[in-house]
């Protein structure tokens, strides 16, 4: 278990692990922009897959940092994250009550 930091500009993700004494969110080593923290469940698309990265960016900006989302709030089963922007827009509307408000606010 752990977290990942993501640069949406460069379309790269880095594992952070679980040592919270060493954990920090810094700037991207390539572009210098502040990286974002997402859950370890985030599976970054290939760098060249721009459409999937746009979907991930949309979700992250709306407070879905790949944390668990439930069909019925706090009851299994978990919902699978969308793969395209059309599905992501529906997902954000349907599960907006489970979005992390601070993540959405910090990414604007």
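The values are calculated or read from the model by the stated rules, or taken from the named source; none is laboratory data. Everything numeric in this text was worked out from a predicted model, so none of it was measured. A quick note on method: Cβ atoms are made from the backbone with ideal geometry, for glycine too, and the neighbour counts reach across all protein chains shown.
A few points about this structure:
- The requirement of being surrounded by fewer than 17 Cβ atoms within 10 Å (Cβ to Cβ), farther than 15 Å from residue 3 by Cβ, in contact with a helix residue (DSSP H, G or I) (Cβ under 7 Å, 6 or more places away or on another chain) and at pLDDT 90 or above is not satisfied by residue 59.
- The residues of segment 70-83 that are closer than 21 Å to residue 5 by Cα and surrounded by fewer than 17 Cβ atoms within 10 Å (Cβ to Cβ), listed by number, are 80, 83.
- Among (1) part of a loop (DSSP other than H, G, I, E, B); (2) touching a residue at least 24 places away in the same chain (Cβ under 8 Å); (3) more than 13 Å from residue 9 (Cβ to Cβ); (4) in contact with a strand residue (DSSP E or B) (Cβ under 8 Å, 6 or more places away or on another chain), the one test that residue 25 misses: (2)
- Residue count for segment 5-19, restricted to those that are within 20 Å of residue 68 (Cβ to Cβ) and either assigned to a loop (DSSP other than H, G, I, E, B) or modelled with pLDDT under 90 (or both): 4
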